Every structure is written in structure tokens, then in C-alpha cells.
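Single-structure report; data block below.
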Amino acid sequence: MKCPFCQHKDTDVIDTRDTDDFRIRRRRECSKCKRRFTTYEEIEHEDLFVIKKDGRREKFDRRKLMGGIDKACEKRPVSREQIETMAAWVEGRLRKSDTREVTTSVIGELVMERLRKIDDVAYIRFASVYRSFTDIDSFEKALRILKTKK
């Protein structure tokens, strides 16, 4: 593994841990500059396809999922690690299912399930886009759901 700081080719693994999302976390140290960094190792999976609201199909992309979560969590006390863990958890749930195709609604519900536990404001932001709130009644309904599930 090449050091991301000095590009030296020799790094040492200091610590290895399994994560909840089926990845392996490795803490590394460069033998030249002595700086430390973290890498994640994950299994290469079969393609997973997302069926969009308009019927189009596209390959699942964790970066797109994280982008949506990022927007909901913008300027909120949610760490990058929490966002990455959430995205990995959602992907893990999707890959555990028997199907290789999943609708955006399933993905949205899984994200909201996790956001509800992490940050109320981020949950409402995500729900407002995902559920396309068109009036105050739909917004109030989402708030009631949030209050009852706490």
C-alpha cells in the first residue's frame, strides 16, 4: 500500500478490525514519513441495479448514496464516519437480499431508518426530498412519524 502523504511504497499495518458493514479496517503507518492513515478492504460484489422512479435502471453507486446523505447532513453534527457507516449499512442490507434489482423507494426507506436514529433535522431534510413534500400537511406527517418512533 502506497503512503498517501509521501508516496513511499512500504507501509506497516498497525491494527486490523472487522467493521459492522462487512469491511476490514486497517490502520497503517508509513515506514518513511511515519504518518498514519486508515484503509478499508471490502468484498467485490455482483452488480446491483437501482430502478429509478421513471423506470430507468442504473448500477448502484455508493458515492451517489453518500452524496444524498451528505446533503441531508450538511451543517449538522454528523461525522464523515457516521455517513460512511450508514451508506455501507444500506448497501449491506441491499446486497443481503435475494434480488439484484432494488427500487429507489427501498433505498430511501433504509436511509431514513438510519437518519431517524442519528439526527432529526437530517432525517426531515432527506424525507422532504425523498418524499417530495408538496404541502405543509405532508411535512407535518413526517414530523409526527419522527416523534412517534423516538
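On a 0 to 90 degree scale, rounded to 10, what angle separates helix 104-118 from the longest Cα axis of the chain?
Compared with the principal axis, the helix lies near 80 degrees.
Could you calculate the FRET efficiency of ASP98 with THR39 from 1/(1 + (r/R0)^6), where r is the beta carbon distance between them and R0 is 25 Å, rounded to 0.05?
Efficiency, from the Cβ-Cβ distance: 0.20.
Which pairs, out of LYS64/LYS96; LYS53/LYS96; LYS52/LYS75; LYS2/LYS59; LYS9/LYS59; LYS59/LYS147, put more than 31 Å between their alpha-carbon atoms?
Cα-Cα > 31 Å for LYS9/LYS59; LYS59/LYS147; rest within.
For a quick check of your reading of the filter: which GluC sites (Glu not before Pro) in the range 1-47 sit in a DSSP loop and have no more than 14 other Cβ atoms within 10 Å?
The qualifying sites are GLU44, GLU46.
Report, to the nearest 10°, how far helix 136-148 tilts away from the longest principal axis of the Cα atoms in the chain, using its own Cα long axis and a range of 0 to 90°.
Once rounded, one gets 60 degrees.
Which residue, PHE60, ALA72, SER128, has the largest displacement toward the positive end of the dipole of the chain when charges sit on each Cβ (Lys, Arg +1; Asp, Glu -1)?
ALA72
For PHE49 and LYS71 in the same chain, what is the full-extension length gain: residue separation times 0.36 nm, less their Cα-Cα distance, in nm?
5.7 nm
Using only helices, what value at 222 nm comes out for the chain when you add -39,500 (n - 2.57) per DSSP H run of length 4 or more and divide by the total residues, to the nearest 500 deg cm²/dmol?
Values: 5 runs with 68 residues, N = 150.
So the helix-based figure for the chain works out to -14500 deg cm²/dmol.
When the Cα atoms of the range 51-106 are enclosed in a convex hull and the volume is divided per residue, what value in Å³ results?
Hull volume over Cα atoms, normalised by residue count, gives 80 Å³.
Could you state the per residue volume, in Å³, of the convex hull enclosing the Cα atoms of the chain?
Values: hull volume 21.7 nm³, N = 150.
Taking the convex hull of the Cα positions in the chain, it is 145 Å³ per residue.
Kindly provide the chymotrypsin sites (Phe, Trp or Tyr not before Pro) of the range 1-87 that DSSP labels as loop, not H, G, I, E or B, and whose Cβ sees at most 14 other Cβ atoms within 10 Å.
Here the chymotrypsin sites (Phe, Trp or Tyr not before Pro) that fit, given the DSSP loop and packing criteria, are PHE5.
Quick one: angle between helix 62-73 and the longest Cα principal axis of the chain, in degrees between 0 and 90, rounded to 10, please.
Approximately 60 degrees, to the nearest ten.
Each reported figure results from applying straightforward, stated rules to the coordinates on display, with no laboratory input. Predicted model, so just to flag it, every value in this text is computed and none were measured. With ideal geometry, Cβ positions are generated from the backbone for all residues, glycine too; neighbour counts draw on all protein chains shown.
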